[in-house]
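The values are calculated or read from the model by the stated rules, or taken from the named source; none is laboratory data. Model, not experiment: these values are computed from the prediction. No Cβ is skipped: glycine too gets one built from the backbone with ideal geometry, and neighbour counts run over all protein chains shown.
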Amino acid sequence: MEPIILASSPPRRQEILKLMNIPFQVVMPNIDEKTDGTIPAEQVPEYLAKKKVEAVVQMLPPKQEIPWVLGADTVIVLDGKLYGKPESQEQAAVFLKELQGRTHSAITAIALFNGRKHCTVSHTSITRVTFNAMSDAEIEWFINTGDWHGAAGAYRIQGLASCFISKIEGTNSCVVGLPIFDLYDILKSQGYSILD
């Protein structure tokens, strides 16, 4: 299999590529992930995933052959409001207070640059996640574990937040940050086989 450049650093995405036995190297794009609010919340992940891929393609040496670049981005959306990665314990607590007892959307987009065709294709996956009602003590306990760090919406579905998640409609891997079915499907559509 040809190696893929992963334009993303979260370990969860790397673990999924390892699980699929896809050789990869991480190249971090230098982009500003903040948006100006003109893009609808549901479209932000695709916009950022494509932006990550474009940034990596542009930063590689001009004569270097670039076979594949994969970018991904995940956001949490509730009532049209975007929940990215919290910047502090206080913000993480606010996020959880707003999400608890309700159902929100975890939206992950993947973008794949095909160096043979010189084009980028993308796909967006949505999973609905329902949190049980959480007491202030439960929120404080969770915040103190530190499991909210670096996670969209202040939680990881594969972490301690599972104590409070009562229902998932969709796939776990979408919420983790790299939907496996969609990744396999988009790779296959571009002629990249993981069966070799």
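Worth pointing out:
- Qualifying residue in segment 130-146 (condition: closer than 16 Å to residue 16 by Cβ and either aromatic (Phe, Trp, Tyr) or touching an Asp or Glu at 6+ places or on another chain (Cβ under 9 Å) (or both)): no
- The set of residues in segment 57-88 that are hydrophobic (A, V, I, L, M, F, W, C) and either surrounded by 23 or more Cβ atoms within 10 Å (Cβ to Cβ) or under 15 Å from the mean Cα position of the chain (by Cα) (or both) comprises 69, 70, 72, 75, 76, 77, 82.
- Applying the condition of being touching a strand residue (DSSP E or B) at 6+ places or on another chain (Cβ under 7 Å) and of a type in the set (A, V, I, L, M) to segment 73-105 and asking which residue is nearest to residue 161 (Cα to Cα) yields 99.
- Counting only residues that are more than 13 Å from the chain's Cα centre (by Cα) and either in contact (Cβ under 8 Å) with a residue 24 or more places away in the chain or within 24 Å of residue 79 (Cα to Cα) (or both), segment 123-143 holds 14 of them.
- Residue tally, condition part of a loop (DSSP other than H, G, I, E, B) and either out of contact with any strand residue (DSSP E or B) (no Cβ under 9 Å at 6 or more places or on another chain) or over 20 Å from residue 120 (Cβ atoms) (or both), over segment 41-72: 5
- Tabulated pairs, segment 52-69, first touching a residue at least 24 places away in the same chain (Cβ under 8 Å), second among the aromatic types (Phe, Trp, Tyr) and part of a loop (DSSP other than H, G, I, E, B), C-beta under 7 angstrom, 6+ apart or interchain: 68/192
- Among the residues of segment 60-77, those identified as at pLDDT 90 or above, under 21 Å from residue 117 (Cβ atoms) and not small (Gly, Ala, Ser) are 68, 69, 70.
- The set of residues in segment 33-50 that are surrounded by fewer than 19 Cβ atoms within 10 Å (Cβ to Cβ), out of contact with any helix residue (DSSP H, G or I) (no Cβ under 8 Å at 6 or more places or on another chain) and not acidic (Asp, Glu) comprises 34, 37, 38, 40, 43, 47.
- Close pairs from segment 14-32: first over 12 Å from residue 69 (Cβ atoms), partner exposed (fewer than 12 other Cβ atoms within 10 Å of the Cβ), Cβ under 7 Å, at least 6 apart: 23/3
- In segment 114-140, the residues that are in contact with a Lys or Arg (Cβ under 7 Å, 6 or more places away or on another chain), closer than 16 Å to residue 70 by Cβ and of a type outside the set (Val, Ile, Thr): 122
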